[in-house]
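To start, the structure itself, in structure tokens.
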Amino acid sequence: MLDTPITYGLNSVTDVSLSIQKRPADFSATRFYFEVNIEQKVDEQKGIMVTFCDVNITEEGKDFQLVKFVMGCSFLITDFSTHIKKDENGVFDVPDILSKQLTMITISTARGCLYEKLRGTYLNKAYLPIIMVDEMQKVEK
């Protein structure tokens, strides 16, 4: 349990990139496969954490990428240096609860952004599903 609650606010939402492929001839639009990757970056001077959400959409059972969408949410962390410490290797130690909360907010924001971007296209039924952050696999770089 944390001694001091962590407060933060949404600072900005940024679309980094969007690529929608031309509709494949054999496209059936029945089910989609979503690969979602999250990356978090810290700007110590500004007291900001940025959570990037990278979404790749394919048709279930096929390898052809239909959509690649990358967006980010930046969050201003109140009393940044109190909550986020840098270790001897210069790596920031972000409290797990904060990392999960910012990830959930960013994925939800990406869902809405992606819905807006795909509306009116052949992928208008490709809704980013609800993702349980606790069930995501962490991949070390």
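The values are calculated or read from the model by the stated rules, or taken from the named source; none is laboratory data. These figures come from a predicted structure and were not determined experimentally. Here Cβ is always computed from backbone atoms with ideal geometry, including for glycine, and neighbour counts include all displayed protein chains.
Could you please tell me which pairs satisfy a Cβ distance under 9 Å, a separation of 6+ or placement on different chains, a first residue in region 95-115 that is farther than 16 Å from residue 34 by Cβ and touching a residue at least 60 places away in the same chain (Cβ under 8 Å), and a second residue that is small (Gly, Ala, Ser) and not in a helix (DSSP H, G or I)?
none
Looking for whichever is buried (at least 17 other Cβ atoms within 10 Å of the Cβ), touching a residue at least 60 places away in the same chain (Cβ under 8 Å) and either in contact with a Leu (Cβ under 6 Å, 6 or more places away or on another chain) or not in a strand (DSSP E or B) (or both) here; the options are 27, 75. Which one fits?
Numbers: 27 fails: buried (at least 17 other Cβ atoms within 10 Å of the Cβ).
From the options 27, 75, the qualifying one is 75.
Checking residue 70 against (1) β-branched (Val, Ile, Thr); (2) at pLDDT 95 or above; (3) touching a His at 6+ places or on another chain (Cβ under 9 Å), which test does it fail?
Of the numbered conditions (1) β-branched (Val, Ile, Thr); (2) at pLDDT 95 or above; (3) touching a His at 6+ places or on another chain (Cβ under 9 Å), the odd one out for residue 70 is (3).
What residue, among those in region 1-24 that are of a type in the set (A, V, I, L, M, F, W, C) and either closer than 16 Å to residue 72 by Cβ or surrounded by 12 or more Cβ atoms within 10 Å (Cβ to Cβ) (or both), is farthest from the chain's Cα centre (by Cα)?
So the residue we want is 6.
Give 60, 39 a once-over and let me know the one that is of a type outside the set (A, V, I, L, M), under 21 Å from residue 136 (Cβ atoms) and loosely packed, with under 12 Cβ neighbours inside 10 Å.
Working: 39 fails: loosely packed, with under 12 Cβ neighbours inside 10 Å.
Testing whether each residue is of a type outside the set (A, V, I, L, M), under 21 Å from residue 136 (Cβ atoms) and loosely packed, with under 12 Cβ neighbours inside 10 Å leaves just 60.
How many of the residues in region 92-128 are over 13 Å from the mean Cα position of the chain (by Cα) and outside any helix (DSSP H, G or I)? It would help to see each step written out before you state the result.
Step one: list which residues in region 92-128 are over 13 Å from the mean Cα position of the chain (by Cα), which gives 92-98, 115-127.
Of the ones still in play, those that are also outside any helix (DSSP H, G or I) are 92-95, 119-127.
Residues meeting the conditions: 13.
Which pairs do you get when a residue that is more than 18 Å from residue 13 (Cβ to Cβ), found in region 34-56, comes within reach of a residue that is among the basic types (Lys, Arg) and at pLDDT 95 or above, reach meaning Cβ atoms under 8 angstrom, with the pair 6+ apart or on two chains?
56/68
Inside region 42-52, can you point out the residues that are surrounded by 11 or more Cβ atoms within 10 Å (Cβ to Cβ) and not in a strand (DSSP E or B)? It would help to see each step written out before you state the result.
The first filter runs over region 42-52 and keeps only residues surrounded by 11 or more Cβ atoms within 10 Å (Cβ to Cβ), leaving 42-44, 46-52.
Result: 44, 46, 47.
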